[in-house]
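The values are calculated or read from the model by the stated rules, or taken from the named source; none is laboratory data. Note that the structure is a prediction, hence the values are computed from the model and not measured. Don't worry about glycine lacking a Cβ; one is built from the backbone with ideal geometry, like all the others, and counts go over all protein chains shown.
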Amino acid sequence: MQEFPSNLRLYLKTFQRKAVLIVSLTSVTTLVAMVLSFRDPNTYVCSFRLLLEPISSAAKISQASTLARTQGLPDEDLLSLDYPTQLEVLKSSLMLSNIAERVKAKHAWVNVAAINQDLRENLIVERITIGPSRYDSTKIFEVTYKGINPKIVQAVAEATAEQYLQYSLEERQNSIKAGVKFIDEQLPELKKRVETLQSQQKKLQQQYHLIDPSERGQELFAQVHQLTEQKLKNQTQLQELKTFSTTLQEQLNLTPNQAVAALAINQDHSHRELLRQLQEIESRIATESVRFTSNSPSIRALKEERENILTLLARKTQPILEQYSISVADNSPALNFHNEASLELIQQLVDTSNQIQVLEVRNQSLTATKKTFEKPAKQFPEIVRQYKELEQQLELTTRILDQLLTQRETLRVEAAQKDVPWKLLSKPQIPLDEEGKPVAFPPNRAKKLLAGAMGGMILGMGTALLLEKRRNIFYTAEDIQDLLLIPLLGEIPVDDRFKPLPNLNPDSNALTLVETQCRDVRESLFLNAFDALYAELTFLYAENPVRSLIVSSVESKDGQSTVALQLAKTAAAKDKRVLLVDANLRQPQLHAQLNLPNNRGLDNLLGDRLAPEELVWRVPEMENLFILTAGIFQSDSPQRLWSTQMQQIMEDLSVKYDLVIYDPPHFLDSPDVSFLAAHTDGIVMVVGINKTRQSLVKQSVKQINAFRLPTLGIVANHLN
């Protein structure tokens, strides 16, 4: 079986304990609701239905608004109403006030404020649906009004229908007027924008000679391509001629200028004859130099003749060079004699040089022309983009302008229509019986009775929880465990072993026997509870046996000392050497319960530094039970419980005894408890049923968790 959460279980127990209170309040509120329900009058209901949109697409197309907005095509998403918003408008305060005024206009005796209030409470406007999905919703609103006066109900329903139909007509007219006004406001700006775009487009056409931007761009790129090919071809020819010129210069050992000079000189016949004669004399000198010395008359004559010829050559050469504006050195090869083959090569060198100059000039011209066409060609894509963008904007703006003009005319035609957009499917009418009288509906008494019962139940449960919170106690042991979430070690019944039996005659012979039997039963229950407590401690902590513990509580008379003493007796009866330490130095109690003196004890052990064996008493008739009483209280004794001496004493006692049980002050009364608990195996908290306050126990548990003190569990005491 699945268990309830602890908090829910606590609530259920509270409701169970306060069942009489809850049932009483529920009965009272139900009875009141029943009395009030019989005083409720009969009601009359009047309803009608409105169709807010045309049913078919053909009917919607026939509307002027459809033609204006969708060009005659049905578009449900564009033209469908916002039904949730429309529903709120129909139930708005302004709409209800207008309906009340309409009723007042026809029936002067009615109260407008009362009608307005009834409309808020009893007018129901719903959209009719035929299935669970939102797609199953219809285009019909059903309006229902109910009241106790059939005449007023009929009048209010009729006024509501008239107001809704009038609202639909006015809403359409207002929407059309707003649409026309909006279009009129937009037209001047759109016209101005069209003119601006046309002007910008025309300016681009005039500036860049654009008739067809695509053809103009192709022409520019074709011209740039053609010039590129011509320049490449010219550069190829130029490179070939330069290579040929270099080869000729190396063969002739002449520069182009020297070649021009040599060609010009060799074209003069007299100069050429002198060169021939000079060449012959040079040959004769070479021949005669073999036979004669340089001072011989023949050699000197030949040299003189050579000098004369050279002088004549110089005279002949200078005018020719000046004529062609050529300057060469006196020993230049250009001035030498050249045969026909050499002259032919010289002529080729000159022609090649001239061609190179022509091609270089042409290359410069092509480069300049190409740059002239490349600049507009590079700019042209951006110009075309601007032109296309202007063209698109102009086309879009023109289309919008045309649509707005068309829509304005359509809206003006639509504004002239007087038919009501919404259709009344059924007239407002109260159902009639066979005799033609309005049918009255009895009040829903079951609903009011249910409301009364639920209200009483909620009131009773709330009162029960409030009373429980005010009492601030635990009613059962399970309440402790559920609320604190700490193991419940044991449940100790009320110690009434010596309580006298009621209604017994003291002179009766049966008194002794009955009283003895009852006391035996009580004592057996009481002692068995401690046997169970000790067994729970033993088995629950079997892996780490408990050697020392603290028995504490939060209030006086919770039974802390009694639980500590009885637990010690139970453990001693199990052949355990048990030491019971009374650590409540201000209000010791254990010595009184055992009828032992308290002149010396723990207080003296801390102050006089004596050995524990000197102050420990053996409990009479209990072989294994020993006690260390509190001793006479001194003002500084509680502070010594925090000392290292006390810690050492606790460690020594844990070694000498199987179990050491400390009975300290109440947990919240002294910080000594936290110190002692930190040096033991844990705390056993005693809580009195129907006595200990919950808030104090929660505060103690919170402090234990904050200090991270070891906790063994809870003992529920004083159970009936």
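Examine the range 226-239 for a residue that is at pLDDT below 75 and either outside any helix (DSSP H, G or I) or surrounded by 17 or more Cβ atoms within 10 Å (Cβ to Cβ) (or both), and state whether such a residue exists. Within the range 226-239 (the criterion being at pLDDT below 75 and either outside any helix (DSSP H, G or I) or surrounded by 17 or more Cβ atoms within 10 Å (Cβ to Cβ) (or both)), the answer is yes, since at least one residue qualifies.
Test Lys139 against the criterion of being within 20 Å of Val89 (Cβ to Cβ), surrounded by 14 or more Cβ atoms within 10 Å (Cβ to Cβ) and basic (Lys, Arg), and give yes or no. Yes.
A single entry from Val715, Val684, Val697 fulfils the requirement of being under 44 Å from the mean Cα position of the chain (by Cα) and surrounded by 17 or more Cβ atoms within 10 Å (Cβ to Cβ): Val697.
Every test in (1) assigned to a loop (DSSP other than H, G, I, E, B); (2) under 60 Å from the mean Cα position of the chain (by Cα) is passed by Glu623 save one, and that test is (2). For the range 657-679, the set of residues classified as out of contact with any helix residue (DSSP H, G or I) (no Cβ under 7 Å at 6 or more places or on another chain) and in contact (Cβ under 8 Å) with a residue 60 or more places away in the chain consists of Tyr657, Asp658, His666, Val673, Leu676, Ala677, listed by residue number. If you go through the range 385-409 and keep only what is among the aliphatic types (A, V, I, L, M) and either more than 44 Å from the chain's Cα centre (by Cα) or surrounded by 13 or more Cβ atoms within 10 Å (Cβ to Cβ) (or both), you end up with Leu390, Leu394, Ile400, Leu401, Leu404, Leu405. What number goes with the only condition from (1) modelled with pLDDT under 85; (2) over 44 Å from the mean Cα position of the chain (by Cα) that Ala161 does not pass? Condition (1) is where Ala161 drops out.
Does the range 95-111 contain at least one residue that is modelled with pLDDT of 65 or more, surrounded by 11 or more Cβ atoms within 10 Å (Cβ to Cβ), of a type in the set (D, E, K, R) and touching a strand residue (DSSP E or B) at 6+ places or on another chain (Cβ under 6 Å)?
Within the range 95-111, none of the residues are modelled with pLDDT of 65 or more, surrounded by 11 or more Cβ atoms within 10 Å (Cβ to Cβ), of a type in the set (D, E, K, R) and touching a strand residue (DSSP E or B) at 6+ places or on another chain (Cβ under 6 Å).
Scanning the range 669-689 for residues that are touching a Lys or Arg at 6+ places or on another chain (Cβ under 9 Å) and polar (S, T, N, Q) yields Ser670, Thr680.
Just a yes or no: is a residue in the range 512-520 at pLDDT below 90 and not in a helix (DSSP H, G or I)? Checking the range 512-520: not a single residue is at pLDDT below 90 and not in a helix (DSSP H, G or I).
Could you count how many residues in the range 605-628 are buried (at least 19 other Cβ atoms within 10 Å of the Cβ) and under 18 Å from Glu651 (Cα atoms)? Qualifying residue count for the region: 6.
From the list Leu605, Leu579, the one residue that fits, being assigned to a helix (DSSP H, G or I) and either among the polar types (S, T, N, Q) or touching a residue at least 40 places away in the same chain (Cβ under 8 Å) (or both), is Leu605.
Being surrounded by 13 or more Cβ atoms within 10 Å (Cβ to Cβ), within 30 Å of Lys177 (Cα to Cα) and either modelled with pLDDT under 80 or out of contact with any Cys (no Cβ under 7 Å at 6 or more places or on another chain) (or both) is the requirement here; does Leu424 meet it? Against the criterion (surrounded by 13 or more Cβ atoms within 10 Å (Cβ to Cβ), within 30 Å of Lys177 (Cα to Cα) and either modelled with pLDDT under 80 or out of contact with any Cys (no Cβ under 7 Å at 6 or more places or on another chain) (or both)), Leu424 qualifies. Look at the range 445-466: where a residue is charged (D, E, K, R) and a partner is surrounded by 16 or more Cβ atoms within 10 Å (Cβ to Cβ), sitting 6+ places away or on another chain with Cβ atoms under 6 Å, you get Arg445/Ser37; Lys448/Ala33; Lys448/Ser37. Contact map, the range 294-312: residues that are in contact (Cβ under 8 Å) with a residue 12 or more places away in the chain paired with residues that are hydroxyl-bearing (Ser, Thr, Tyr), Cβ distance under 9 Å, separation 6+ or inter-chain. Pairs shown: Ile299/Ser289; Ile299/Thr293; Lys303/Ser294; Leu312/Ser270. Filtering the range 644-671 to residues that are among the acidic types (Asp, Glu) and closer than 22 Å to Asn705 by Cα leaves Asp663, Asp669. I want to confirm something. Restricting to the range 28-52 and keeping residues that are more than 12 Å from Leu449 (Cβ to Cβ) and among the polar types (S, T, N, Q), which single residue is modelled with the highest pLDDT? For the range 28-52, the residue satisfying everything is Ser47.
When Gln2 is tested against (1) at pLDDT below 70; (2) under 30 Å from Gly455 (Cα atoms); (3) in contact with a helix residue (DSSP H, G or I) (Cβ under 9 Å, 6 or more places away or on another chain), exactly one condition is not met: (3). Note on the range 523-574: residues that are of a type in the set (S, T, N, Q), under 26 Å from Ser670 (Cβ atoms), part of a helix (DSSP H, G or I) and out of contact with any helix residue (DSSP H, G or I) (no Cβ under 8 Å at 6 or more places or on another chain) amount to 1.
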